[in-house]
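What follows is one structure encoded as structure tokens, with my remarks underneath.
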Amino acid sequence: MSVSVRSVTVEGPTPAKTKGPFTYANTPKALYNNTKLKINPSCGSLGTSQYANVMHEKRVVRGSTVTAHPHAAGDGVESMAARAARTRRRALARRAAAARLRPGTPPPAPGRRHHPIQTEYYLEELFDKGVEMDVGVQTDLFVDRPATPIYVPAKTGADAATQIYPGDLFDFDLEVQPILEVLVGKTTEQALAEVAQEEELATLREQQRRYCELRDAELAERQRLAAHDLRLHQEKERRVAEARVAQAAAVEARERAAACVLVQGYVAELLPCVLAGLRDQGYLMERIERGIDEEFMPWLVDEVSKEIESIITSRDVIIEIVRDVVEARAELYRTAGEREADRVEPDESVTPASIASGEHEEELEEIH
């Protein structure tokens, strides 16, 4: 937090005493050469005011010491940001007033629009950005510093040597035997443990397989029993439903039989009289006519149609057969005539017309 405090006049200064050779103390005094005090002399009348908490002082600036604070200069002095904002607002107001006073361009005609153009004698190419260029500068090569030599401490003390004969410190056969025994023992023990573990795993798998088989068998048996119980229950429900339907049908049949017997006994003597009366009055003729119109006449029309259709079909077949026979005989006669004409000299009395008319039928039969 940056603190900016104006000069304060303290009455009755007391000279400070130095406490050592590297300390400095001076009597506080007012800064009369301050420009702010010259502009606003009322700021110097702080000596008569009472002392207050510095945190509530308007001249104390709180916050960052890098950014600008508009109220850091005090009440009587305007900050640069405030003056710049006020100048900008005044310039915008003057520009707006000038725009209002200057007559504007009338609106464009329908289908047209206004577009700014250059009216100078020489056209100039306009750019959104200024011309940029790359410039390079060649500098001298950087000379590397030579590598730092390896630090070798200075030698201190005197050298000493000790003579060691073969076998004094290490006997390979003697030292290797316990290590080899331990390695072989550990390897054998681990191999036996692995074999035992594999056997145990195989036993566990076999036990698990047996358990799964037993569980599957029990599950299948349970499902079979459940399905059997379900079938029995469904069969029971179906038999009960059939018994109910049969009982209802028997009751209905008994009721119908009783009603039929009652009706027969009641209507036995009434029906002949009624039918005789209706027949005498001519009401039953309609039933006979309806039977003739709906049953007999359609059957008769169908039978007649079938008979006529068979007659027409037979006639057409006979006509086709006669036509085929006539055409075959005509072709036969024509062929016979051509052969006879080729074999004997033509006779004026024998003509194709006479052959076709049957005048020389005997000759054609001999040729045939």
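Throughout, read-outs are computed from the coordinates displayed, never taken from laboratory work. Since the structure is predicted, the reported quantities are computational estimates derived from the model, not experimental observations. Cβ atoms come from the backbone with ideal geometry, glycine included; neighbour counts cover every protein chain shown.
Details
- Full-stretch length increase - Phe172, Arg89 - with 0.36 nm per residue and alpha-carbon distance subtracted: 19.8 nm
- Rotationally averaged projected area of segment 227-282 (alpha carbon convex hull; nm²): 5.9
- With the simple spin-label model, which puts each label point 7 Å out from Cα in the Cβ direction, the Ile150 to Ala253 separation comes to 12.3 nm.
- Multiplying the residue separation of Leu332 and Asp280 by 0.36 nm and subtracting their alpha-carbon distance yields 11.0 nm.
- Sparse-neighbourhood loop sites, chymotrypsin sites (Phe, Trp or Tyr not before Pro) in segment 204-291 - DSSP loop, at most 14 other Cβ within 10 angstrom: Tyr283
- The mean of 1/r over all distinct Cα pairs in segment 175-240, once inverted, gives the Kirkwood hydrodynamic radius of 16.9 Å.
- Legend: P(r) of segment 247-346 from all alpha carbon pair distances, 10 Å bins from 0, whole percents, reading 11, 13, 13, 14, 11, 9, 8, 7, 6, 5, 2.
- For segment 142-273, radius of gyration divided by Kirkwood radius, i.e. Rg to Rh on alpha-carbons: 1.85
- Computed log10 I(q)/I(0) for segment 119-179 at 0.16 Å⁻¹: -0.94, from the Debye equation with unit scatterers placed on every C-alpha and solvent omitted.
- Modelled spin-label separation between Ile308 and Arg215, with each label point placed 7 Å from Cα along the Cα-to-Cβ direction: 8.7 nm.
- Site pair Glu242 and Arg59 shows an inter-label distance of 11.7 nm when each label is modelled 7 Å from Cα along Cα→Cβ.
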